[in-house]
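As structure tokens, the structure follows; a few thoughts come after it.
The values are calculated or read from the model by the stated rules, or taken from the named source; none is laboratory data. Because the structure is predicted, anything quoted here is derived from the model rather than measured. Please note: Cβ atoms are built from the backbone with ideal geometry, for glycine as well, and neighbour counts cover all protein chains shown. Accessible surface is based on the protein model in full, side chains and every heavy atom, while ligands, DNA and RNA are left aside. Shrake-Rupley method; radii C 1.70, N 1.55, O 1.52, S 1.80 Å.
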Amino acid sequence: MYRILVADDEESLRYLITETLKIDEKFDIYEAEDGEEALKMVDKYKPDLILLDIMMPKLTGYELAGILKDREYKPKIVILTAKSQKSDIEKGMKLGVDHYLTKPFSPIELLDLIEKIVNS
């Protein structure tokens, strides 16, 4: 099984993503509603991939990516955000994220990206 953590403070978006991912039975899906909870979930479940929002309470997606960048265990990270400025994307890439997907995105686009990551 491939472990995926969905970290976003928008419950409706987490629901959409997790329901989309449940179509494929090879994923174990975990959810976090803020950055601190996401960090605890990373430590507990060691996800292979994190779908990470930037603007979250307690720890932002940037802060969480920065913490994970300095660890031995490094999951793949896909930033999912409405922040689409070139400077935002560059900041994420400097923190070692693997992909940057701007909202709104289609569920098919997300699934295609995840399949690409899983199969790489």
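Observations, loosely collected:
- Overall, the chain carries a charge dipole of about 460 debye about its Cα centre when +1 sits on the Cβ of Lys and Arg and -1 on the Cβ of Asp and Glu, all other atoms neutral.
- In loop segments of segment 1-95 as defined by DSSP, the GluC sites (Glu not before Pro) with at most 10 further C-beta atoms inside 10 Å of their C-beta are Glu25, Glu72.
- For segment 57-120, fraction of C-alpha pairs farther apart than 13 Å, in %: 65
- Kirkwood Rh and Cα Rg combined as Rg/Rh, the chain: 0.92
- Full-extension gain in nm, Ile23 to Glu115, via 0.36 nm per residue minus C-alpha separation: 31.9 nm
- Thr102 contributes an accessible area of around 50 Å² to the protein surface, as traced by a 1.4 Å probe with all chains present.
- Charge dipole of the chain about the Cα centre (unit charges at C-beta), most positive-ward option of Leu13, His99, Met1: His99
- Spatially close lysines, pair count over segment 1-110: Cα under 12 Å, gap of eight or more or interchain: 5
- With 5 Å bins from 0: P(r) over segment 1-43, alpha-carbon pairs, percent: 6, 25, 31, 23, 13, 2
- Contact order for the chain, expressed relative to its length and based on alpha carbon pairs under 8 Å spaced 6+ residues apart, stands at 23 percent.
- The ellipsoid equivalent to the alpha-carbon distribution of segment 12-81 has semi-axes of 19, 15, 10 angstrom, derived from the gyration tensor eigenvalues as √(5λ) and listed largest first.
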